[in-house]
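Engineer: Structure in structure tokens, see below.
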Protein chains: 2
Amino acid sequence: MTIGEAGRHTGWSPRMLRYLEEEGLVVPARTRAGYRRYGIRELNQLRTLAALRSAFAVGIDDLAFALRLRRESDLRAAVETWLEGTTEPSSQGVTPAWVEWEQRKQERLLTPEAA
Amino acid sequence: MTIGEAGRHTGWSPRMLRYLEEEGLVVPARTRAGYRRYGIRELNQLRTLAALRSAFAVGIDDLAFALRLRRESDLRAAVETWLEGTTEPSSQGVTPAWVEWEQRKQERLLTPEAA
DNA sequence: ACAACCTTGACAAAGCCCTGGTAGGGTTGT
DNA sequence: ACAACCCTACCAGGGCTTTGTCAAGGTTGT
């Protein structure tokens, strides 16, 4: 299935399909001559992507970031630790020791040169 | 610790601290008169945030999305399922049945009105 | 009381994201 | 061989993000 056909089946313009490939979100195989070849798998990705966007107002850059999170484990660890620091309820005035400890963990993650 | 002091300690401008609050990334408590009150917890969040940005080139919107992922479980499930469809190795020409099945899972997640 | 700080709200410039279009050239099925 | 399609590379414009600045007014420590 060529890029034009894929576009007609999914509602994306060829231009956008090339853009999505550039962003690493939907990367089709190529023929020997360089033509993009979309299969069932890619079609489903494209339809799902469109649905995600309209149902949750998720941007392309957001999905790209989610991909980065899956691929770069350092980044994932740092972000997760930061999220913990953000989401934990945190008592009002006092700062319990474990909070400090959590935050230290972040600093360690973010300064790899201290090895 | 007031917004100005927090800024001096972390390198953020007061303007940016208000912006970060607006985005839900670092939300300080308030005094009865409405002044923002930054504690150790917030200072650490701010420093870590700056480090994340410069070490991994992560945008503020990216972190905001990570927060959304943590809070909205529907969104998280949909994105994770989509990621699986994207990252799985996928054999060349044929489309094994389990891929179809995976993709169906996504469609189910994205059409809640089909209940 | 007064200086120094805080509040919200608005405007604005620089820059990036998204998307379309166009130009010049290669591939393919009939 | 020809029409219809695909490729890459570039420019462009509307919209959003990021950040600063200014205005008019409230709070606070000395």
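Engineer: Would you mind finding the one in B:86, B:48 that is touching a Ser or Thr at 6+ places or on another chain (Cβ under 9 Å), part of a helix (DSSP H, G or I), within 7 Å of chain A (Cβ to nearest Cβ) and among the hydroxyl-bearing types (Ser, Thr, Tyr)?
Structural biologist: Details: B:86 fails: touching a Ser or Thr at 6+ places or on another chain (Cβ under 9 Å).
The unique qualifying residue is B:48.
Engineer: Hey, another quick one. Can you name every residue in the stretch A:11-39 that is closer than 19 Å to residue B:78 by Cα and either among the β-branched types (Val, Ile, Thr) or touching a Lys or Arg at 6+ places or on another chain (Cβ under 6 Å) (or both)?
Structural biologist: Hit for the stretch A:11-39 is A:26, nothing else.
Engineer: Those residues that are surrounded by fewer than 18 Cβ atoms within 10 Å (Cβ to Cβ), touching a strand residue (DSSP E or B) at 6+ places or on another chain (Cβ under 7 Å) and within 12 Å of residue B:6 (Cα to Cα), I need them from the stretch B:25-76; list them, please.
Structural biologist: Matches in the stretch B:25-76: B:37 only.
Engineer: While we're here: In the stretch B:7-59, what count of residues is obtained for those that are among the hydrophobic types (A, V, I, L, M, F, W, C), at pLDDT 95 or above, touching a helix residue (DSSP H, G or I) at 6+ places or on another chain (Cβ under 8 Å) and over 27 Å from residue A:65 (Cβ atoms)?
Structural biologist: Counting residues in the stretch B:7-59 that are among the hydrophobic types (A, V, I, L, M, F, W, C), at pLDDT 95 or above, touching a helix residue (DSSP H, G or I) at 6+ places or on another chain (Cβ under 8 Å) and over 27 Å from residue A:65 (Cβ atoms) gives 0.
Engineer: Further question on the same structure: Could you please let me know if residue B:21 is within 12 Å of DNA strand C (Cβ to nearest atom) and surrounded by 14 or more Cβ atoms within 10 Å (Cβ to Cβ)? I'd like the intermediate steps shown before the answer.
Structural biologist: On the way: within 12 Å of DNA strand C (Cβ to nearest atom): yes; surrounded by 14 or more Cβ atoms within 10 Å (Cβ to Cβ): yes.
Considered against the rule, which asks whether it is within 12 Å of DNA strand C (Cβ to nearest atom) and surrounded by 14 or more Cβ atoms within 10 Å (Cβ to Cβ), residue B:21 comes out as yes.
Engineer: May I pose another question? Residue under question is residue A:92, and the condition is that it be modelled with pLDDT under 90 and exposed (fewer than 15 other Cβ atoms within 10 Å of the Cβ); does it hold? Working first, answer last.
Structural biologist: Values: modelled with pLDDT under 90: yes; exposed (fewer than 15 other Cβ atoms within 10 Å of the Cβ): yes.
Spelling it out, residue A:92 is indeed modelled with pLDDT under 90 and exposed (fewer than 15 other Cβ atoms within 10 Å of the Cβ).
Engineer: Can you confirm whether residue B:39 is away from chain A (no Cβ under 12 Å), within 14 Å of DNA strand C (Cβ to nearest atom), of a type outside the set (S, T, N, Q) and over 30 Å from residue A:57 (Cβ atoms)? Outline the logic, then answer.
Structural biologist: On the way: away from chain A (no Cβ under 12 Å): no; within 14 Å of DNA strand C (Cβ to nearest atom): yes; of a type outside the set (S, T, N, Q): yes; over 30 Å from residue A:57 (Cβ atoms): yes.
So residue B:39 fails the test.
Engineer: Got a number for residues in the stretch A:10-32 being away from chain B (no Cβ under 14 Å) and more than 8 Å from DNA strand D (Cβ to nearest atom)? Step through it out loud before you land on a result.
Structural biologist: We begin by selecting, within the stretch A:10-32, every residue away from chain B (no Cβ under 14 Å); these are A:11-19, A:22.
Right, trim to more than 8 Å from DNA strand D (Cβ to nearest atom) and you get A:11-13, A:16, A:19, A:22.
Selection size over the stretch A:10-32: 6.
The values are calculated or read from the model by the stated rules, or taken from the named source; none is laboratory data. The model shown is predicted, which means the values in this text are computed figures rather than measured ones. Neighbour counts are summed over all protein chains in view; Cβ atoms, including those assigned to glycine, are modelled from backbone coordinates with ideal geometry.
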